[in-house]
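Structure in structure tokens, see below.
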């Protein structure tokens with residue numbers, strides 16, 4: 001008696017259409033993420049610890065920026081912070097304290113923190129007292 005060979009089922013999956021779909025989703029999320037405005041509220045704290053504020057950077061909602069009491073702009077922020085660090089007496093423990101009003105775009109605060117990081121100095125975001 002002759003034994004029939006069973007035909008083997010091909011268990012392959014065609015991935016070409018899946019990569020097209022993932023690529024289109026990637027493009028969609030990249031385009032829509034630029035349109036979304038991230039609104040992060042100011043942090044709140046119950047702590048009574050006061051951090052050193054030898055280099056305060058004040059940011060107002062109307063776009064005014066001041067570094068150690070002197071007017072600045074977002075374009076000149078790095079230069080002004082570097083100058084303030086050179087002028088301070090305590091260069092080793094220089095700390096930038098970012099004080100921003102409610103409604104200041106997070107990108108401005110992030111830029112100030114990135115500048116402080118690039119200059120290898122500490123940066124602190126000032127908190128508002130918690131509402132209890």
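Values in this text are rule-based calculations from the coordinates and carry no lab data. All figures in this text were calculated on a predicted structure; none of them were measured in a lab. For neighbour counting, all protein chains shown are included, and Cβ atoms are generated from backbone atoms with ideal geometry for every residue, glycine included.
Could you work out how far the C-alpha centroid of region 67-103 sits from that of region 109-128, in angstrom?
That distance is 9 Å.
Let me ask you something else. How would you order 5-11, 81-87, 70-76 from highest to lowest mean count of nearby Cβ atoms within 10 Å? All intermediate terms of the calculation are to be shown ahead of the outcome.
Numbers: 5-11: 5.9, 81-87: 16.1, 70-76: 12.6.
Ranking, from highest mean packing down: 81-87, 70-76, 5-11.
Take peptides 58-65, 109-116 and line them up by average Cβ neighbours within 10 Å, highest first, as a rough protection proxy. Intermediate results must be reported in sequence, preceding the final value.
Details: 58-65: 14.5, 109-116: 17.6.
Order by mean packing, descending: 109-116, 58-65.
Sticking with the crude label model, points 7 Å out along Cα→Cβ, report the distance from residue 70 to residue 30 in nm, one decimal please.
4.2
Dividing the convex hull volume of the Cα atoms of region 44-129 by its residue count, what figure in Å³ per residue is obtained?
Here the figure is 92 Å³ per residue.
A further question on this structure: Along the Cα→Cβ direction, 7 angstrom out, place labels at residue 4 and residue 88. What is the inter-label distance in nm?
Output for this residue pair reads 8.5 nm.
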